[in-house]
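Following: one structure in structure tokens, then a few remarks.
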Amino acid sequence: MAQPVTQQAGEFGHATPREIDAGGADSLLHSATPPTLVDVREQYEWDAGHLAGALHAPVDSVATMIHGLVPNPETPLVVYCAHGVRSARAAVALGALGYTNVQSLAGGIVAWEEAGLPLAPTARTDAQHARYARHLALPGFGAEGQARLLRARVLILGAGGLGSPAALYLAAAGVGTLRLVDFDTVDISNLQRQVIHTTSGVGTAKVASAANQLRALNPDIQVEAINERLTADNAAVLMNGMEVILDCTDTFDARYALNRAALAARIPVVHASVYRYEARLTVFTPGSGPCYRCMHATEPSAEAAPACDVAGVLGSVPGVFGALQATEAIKLLLGIGAPLVGRIMLWDALDARFDEMRLQRDPTCADCSTVQ
Ligand SMILES: [Zn+2]
């Protein structure tokens, strides 16, 4: 691709494209001289839904495709992607190619939809229609829900007992981008419950083992495998651009680091934990519900909360709760049902009993009391 030259030098010399918000773009599209829309996302994102009348040129190809698509460089263009990052890059590149009237849609197609503006009728492939047929038939889900999932971006922290079933169900459901973070390698003792991994994967990185399975399960989706340990230092970077986070970690350090970063980034977290034959699940929504530290103001002692390798765990217990995490994530993404906010679902597998506990927001919480 041609190196972009500065269209309008920013403070640090970076090229800064002109931006237009969703309402402004909609007005222009209804004006006497509507701009040409250029969608610079990948094929699978385009297939999941796009703006009516848009041309499609993925960001890495747009510089070579644009002369064929839009021969006149004075044509007004509005370039868009999912969130406005790739389109900003594309707008700068098009400016460098001599296109004189290029604007990037701020916030991308996500902001467009959030403004209540319509997409073109979805042209799904026959294969996608068949794959998601049981979703498409669901009341409250349908084609729009599936298109929303195909554009969704979910972070799964931990590819172990909870992360395995959660990732499998989200991949099967067609969640468009799954970012998977774990620092461990597959051990034979994991296979009793971490069902995404196989015997032949023992000794390999968990994220690589899991990513292989997810891609085999559903080639529609993008899997980002990150072989890192979540810490307070990298938590913000790891969750950048994500819409929902699944907390499938198993240490208090990781959960507190995740809590603070997710509050700052205002990303909801679906939290689960397991202990022997028991499990619990809840959802934290920054600003409107309690957070992890409201639930655990301080870290329990090692005796009070021993890890799985000490305490033991029935393999199917994280299986059930990982699947429930995936379910809560899908509800959040689609805005359906009653999310498990301010409530803790408890399961005792031996008694075969589900219970629910209320969880109030702590007005003195060290992590969330200042978050509006
Ligand atoms: Zn809190």
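Descriptive notes on the structure:
- Among the residues of the range 19-36, the ones that are in a strand (DSSP E or B) and at pLDDT 95 or above come to 2 in all.
- Which numbered condition residue 365 fails, given (1) within 16 Å of the ligand (Cβ to nearest atom); (2) in contact with a Pro (Cβ under 9 Å, 6 or more places away or on another chain); (3) part of a helix (DSSP H, G or I): (3)
- Residue within the range 332-344 that is within 16 Å of the ligand (Cβ to nearest atom) and either at pLDDT below 95 or more than 26 Å from the chain's Cα centre (by Cα) (or both) present: no
- Taking first residues from the range 47-68 that are farther than 12 Å from residue 36 by Cα and partners that are surrounded by fewer than 18 Cβ atoms within 10 Å (Cβ to Cβ) and of a type in the set (Val, Ile, Thr), the Cβ contacts under 6 Å between residues at least 6 apart in sequence or on separate chains come to 49/122.
- Conditions (1) under 23 Å from the mean Cα position of the chain (by Cα); (2) buried (at least 16 other Cβ atoms within 10 Å of the Cβ); (3) at pLDDT below 90; number of the one not met by residue 43: (2)
- Within the range 219-255, the set of residues being farther than 28 Å from residue 46 by Cα and touching a residue at least 60 places away in the same chain (Cβ under 8 Å) comprises 230, 247, 248, 249, 250, 254.
- Residue that is nearest to the ligand (Cβ to nearest atom) [pool: residues in the range 231-253 that are more than 17 Å from residue 164 (Cα to Cα) and in contact with a strand residue (DSSP E or B) (Cβ under 7 Å, 6 or more places away or on another chain)]: 239
- Residue 311 meets each of the listed conditions (1) within 21 Å of residue 370 (Cα to Cα); (2) more than 16 Å from the ligand (Cβ to nearest atom) apart from (1).
- Conditions (1) aliphatic (A, V, I, L, M); (2) farther than 27 Å from residue 198 by Cβ; (3) surrounded by fewer than 21 Cβ atoms within 10 Å (Cβ to Cβ); number of the one not met by residue 127: (2)
- Residues satisfying the stated conditions in the range 122-143, i.e. without any contact (Cβ under 8 Å) to a residue 60 or more places away in the chain and out of contact with any helix residue (DSSP H, G or I) (no Cβ under 8 Å at 6 or more places or on another chain): 126, 127, 130, 133, 134, 137, 139
- From the options 316, 301, residue that is loosely packed, with under 14 Cβ neighbours inside 10 Å and more than 15 Å from the ligand (Cβ to nearest atom): 301
The values are calculated or read from the model by the stated rules, or taken from the named source; none is laboratory data. Remember, it's a predicted structure, so these values are computed and weren't measured experimentally. Because the Cβ atoms are built from the backbone with ideal geometry, glycine has one as well, and the counts that use them run over all protein chains shown.
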